[in-house]
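Colleague: If you scroll down you'll find the structure; I have some questions about it.
Please treat every number below as a calculation from the coordinates, not as lab data. For clarity, every value in this text was computed on a predicted model and none was experimentally measured. No Cβ is skipped: glycine too gets one built from the backbone with ideal geometry, and neighbour counts run over all protein chains shown.
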Amino acid sequence: MMRGVSHWSVAVRRPDSSIALHFWSLRSLMQRYPVLKLPFLRGMVALGESLVLGIRALTISANESLGEEQEPLGKKEMAFTITLAVVLAVGLFFLAPLGLTRLFRDQLGTGMLFWLAEGVIRVLIFLLYLVFITRIPDLRRVFEYHGAEHMTIHALEHGEELSPENCAKYATVHVRCGTSFLLIVMVVSILVFAVVRWPAWYWLILSRILLVPVIVAISYEAVRLAGRFERNVLVRVIMAPGLLLQRMTTRTPDRGQIEVAIEALRKIVELEPQQQPSEKGVEVMA
């Protein structure tokens, strides 16, 4: 899947080896309501829209791979799927670490040591989650396509012609990848929750839910800033852990997978010719 500013596309390898290409116009909420472009607000909007497009893309991919007729998800099905995903994510990565850390409250106290321990447990759960999903054989090809997406984006950003040979020269990691974004979320959460201190137990739990949008917004701005200065030495050092983590969620693709990624990206370039997507911002938060 590739996302431009005003269009997005999905390319899928069919069982007969042909490539199915789907594309749609895209009008972000930020275009309809300019106030949502303000820093921090735009991060929450971007994440919500990415979730919607990601679920739609997965549905299209599954249908094409099985050779079935595509049926778009209705608003109710989409809302249920997104709600379930958010609930599971908040429960696993925010509430579970809090519950585990509270088991050692007597030893940790209620100060900075508690928040650091909670943050470390959160990161460990995240890493264990990645280790688990990367060991599922059926997901390996997903990670290979993930790598293909990054390689084609790199080729475009370096002004290369989009060919399998040119794309294959580039790395499978990218500074604006969603994997790096999630790691930044884990780190930022430590700082945000440290400000909360130790309120009543019910506020402590609610803070892990209500402050998630704030954490996402701050993390989005950090990734956005890193994308603008990705050649800066300091930025590279700060983003290094996220890039290292991407070694788990990306794999080296074969030529056929790169061809699929190229088809999706070429369509965006074709639909938005007035300005290269590398300048306008092809979405890489995958």
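Colleague: What do the square roots of 5 times the Cα gyration tensor eigenvalues come to for the stretch 71-274, in whole Å, largest first, as semi-axes of the equivalent ellipsoid?
Modeller: For the stretch 71-274, the ellipsoid semi-axes come out as 36, 20, 17 Å.
Colleague: With charges set only on the Cβ (+1 for Lys and Arg, -1 for Asp and Glu), what does the dipole of the stretch 1-107 come to about its Cα centre, in debye to the nearest 20?
Modeller: Magnitude of the dipole: close to 540 debye.
Colleague: Could you pull out the longest piece of the chain with no exposed loop trypsin sites (Lys or Arg not before Pro) in it, calling a site exposed if DSSP puts it outside H, G, I, E, B and it has at most 15 other Cβ atoms within 10 Å?
Modeller: The longest such stretch corresponds to 28-134.
Colleague: Suppose the chain between Arg27 and Ala85 were pulled fully straight at 0.36 nm per residue; how much longer would it get relative to their current alpha carbon spacing?
Modeller: Roughly 18.5 nm would be gained on extension.
Colleague: Can you tell me how much longer the chain between Asn232 and Gln107 gets when fully stretched, taken as 0.36 nm per residue apart minus their C-alpha distance, in nm with one decimal?
Modeller: Additional length available on full extension: 40.9 nm.
Colleague: Going 7 Å from the Cα of Phe132 in the Cα-to-Cβ direction, what parts of the stretch 154-181 have a backbone nitrogen less than 20 Å from that spot?
Modeller: So the set is 179-180.
Colleague: Could you give the length gained on full extension between Val269 and Val196, defined as 0.36 nm per residue of separation minus the Cα-Cα distance, in nm?
Modeller: Stretched out fully, the Val269 to Val196 stretch lengthens by 21.7 nm.
Colleague: Take Ser9, Ser207, Ser28 and order them by how many other Cβ atoms sit within 10 Å, fewest up front.
Modeller: The most exposed by this proxy come first: Ser28, Ser207, Ser9.
Colleague: Dipole of the chain (Lys/Arg Cβ +1, Asp/Glu Cβ -1, origin at the Cα centre): which of Ser219, Pro164, His174 lies farthest to the positive side?
Modeller: Final value for the positive-end residue is Ser219.
Colleague: Excluding same-chain pairs closer than 8 in sequence, count the lysine pairs in the chain whose Cα atoms lie under 30 Å apart.
Modeller: Taking the chain as the scope, the lysine pair count is 10.
Colleague: How large are Rg and Dmax for the stretch 2-85 when only the alpha carbon atoms are used, in Å?
Modeller: For the stretch 2-85, the Cα radius of gyration and maximum Cα-Cα distance read 14.7, 46 Å.
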